[in-house]
Structure formats: structure tokens, C-alpha cells
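As C-alpha cells, the structure follows; a few thoughts come after it.
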Amino acid sequence: VQLQASGGGSVQAGGSLRLSCAASGRIFLFDTMGWYRQAPGKQRELVATIIPGGGSTHYTDSVKGRFSISRDNAKDTMFLQMNSLKPEDTAVYYCNAYVRGTFNWGQGTLVTVSS
């Protein structure tokens, strides 16, 4: 499974960005997909997950009500809509797919939020 993340950039606090993660396989068959982020000097943390087949979602507390994870099974693509961005959201964002016991990672996309 290959994953290609895109959509990062620089925005001011309060702004929005939409990240995309295109997969090489049929995401409908994936166990779980998710977005993680890693800020400078910090460990990688979970942001949100989605079960592509059923659509169930999970969010870390710090992004609830601001971020929305979704997927388009027909296009084998996962999204992360990020609204009301804060400087503390600045990080490299990685997409992930858990498929038959294996974690697959895409390359990161940098999100920078200025105050």
C-alpha cells in the first residue's frame, strides 16, 4: 500500500486547510485509516481515524469540533478538513493505513499556523 499526502501549507490562526491522502489500493478494504502529526521536538501523535468501510470516526480531544476526517471510497482517498487552526496545530501531518496487520505510512505534509 502506498499513500500520498498533500494539501499542507501556511495559514494564519483561524484559517482552514484540507489535507488529502491518496492510496494505491482499495481503501474500502482497509481496516483503518488515520492522520497523525509530529510537531518539532515532540512525538508523533494520533489526530483522527476512520474506518473506510463503515465510516466510523475518532478524534483526539484537541481537534474535536475543528477537524473532520472523511473518505471517498470511489477515489480511494482520505481527507482531513482542518478549521479554526491554531499555532499549536503546526506539525508535519502523516496519513496512515492499517491493512491486514501492517501499518503503512505516507510521506508527511507540513502545516504551519502563524499567530
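The values are calculated or read from the model by the stated rules, or taken from the named source; none is laboratory data. Computed from a prediction, not measured in an experiment: that's the story for all the values here. Here the Cβ is made from the backbone with ideal geometry for all residues, glycine too, and neighbour counts use every protein chain on show. Accessible surface is based on the protein model in full, side chains and every heavy atom, while ligands, DNA and RNA are left aside. Shrake-Rupley method; radii C 1.70, N 1.55, O 1.52, S 1.80 Å.
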Subtracting the Cα-Cα distance of Phe28 and Phe103 from 0.36 nm times their residue separation yields 25.4 nm
The simple spin-label model distance between Asp72 and Ala39, using points 7 Å out along Cα→Cβ, in nm, is 3.2 nm
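Residues of the stretch 29-115: accessible area per residue at 1.4 Å, in Å²? Mind dumping the intermediate values first?
On the way: 4390 Å² over 87 residues.
Per residue, the stretch 29-115 has 50 Å² of solvent-accessible surface.
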Between Thr112 and Ser6, the two model label points (7 Å from Cα along the beta-carbon direction) sit apart by a distance in nm of 2.1 nm
Carbon/sulfur accessible area of the chain, % of total, 1.4 Å probe, equals 47 percent
Computed over all unlike Cα pairs, the Kirkwood hydrodynamic radius of the chain in Å stands at 13.9 Å
